[in-house]
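Remarks on the structure that follows.
The values are calculated or read from the model by the stated rules, or taken from the named source; none is laboratory data. Treat the numbers as computed from the prediction; the structure is a model and nothing was measured. Here the Cβ positions follow ideal geometry from the backbone for every residue, glycine too, while neighbour counts run over all protein chains shown.
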Amino acid sequence: MSKIRAQSGEQPTAKSTTLHVVLAFERDEEGELRAAFEAQQAPSEHAAISRAKLMARSYAGVIAWSRPAKPDVGEFGEPTVLYQAGDVPDLE
């Protein structure tokens, strides 16, 4: 079957997934918010929320979100906030 696809010019379908991400913020010397570290991917929505709740105790702000994605082709859907606490800047 893969030979037929290759001959007909069809591209394989990109695999869809949902990304669950957590990001924490701290304040710098001037009091401005900045990311405390690179965004961390979590294995599930529950894990992202749990991790964010734990981090909320130690950081100025934290946010967990999910979004549909097809990373192999660079397509990402709109993010949905799962949990947010403290001071979090507007994310684009």
| request: Filter the range 52-82 down to residues that are farther than 14 Å from LEU19 by Cβ and not β-branched (Val, Ile, Thr), then give me how many there are. | output: 10
| Filtering the range 65-92 down to residues that are over 12 Å from the mean Cα position of the chain (by Cα), at pLDDT 90 or above and small (Gly, Ala, Ser), which residue is surrounded by the most Cβ atoms within 10 Å (Cβ to Cβ)? | ALA85
| Within the range 30-59, how many residues turn out to be crowded, with 18+ Cβ neighbours inside 10 Å and of a type outside the set (D, E, K, R)? | 6
| query | For the range 52-80, what are the residues that are of a type in the set (Ser, Thr, Tyr) and in contact with a strand residue (DSSP E or B) (Cβ under 6 Å, 6 or more places away or on another chain)? | reply | TYR59, SER66, THR80
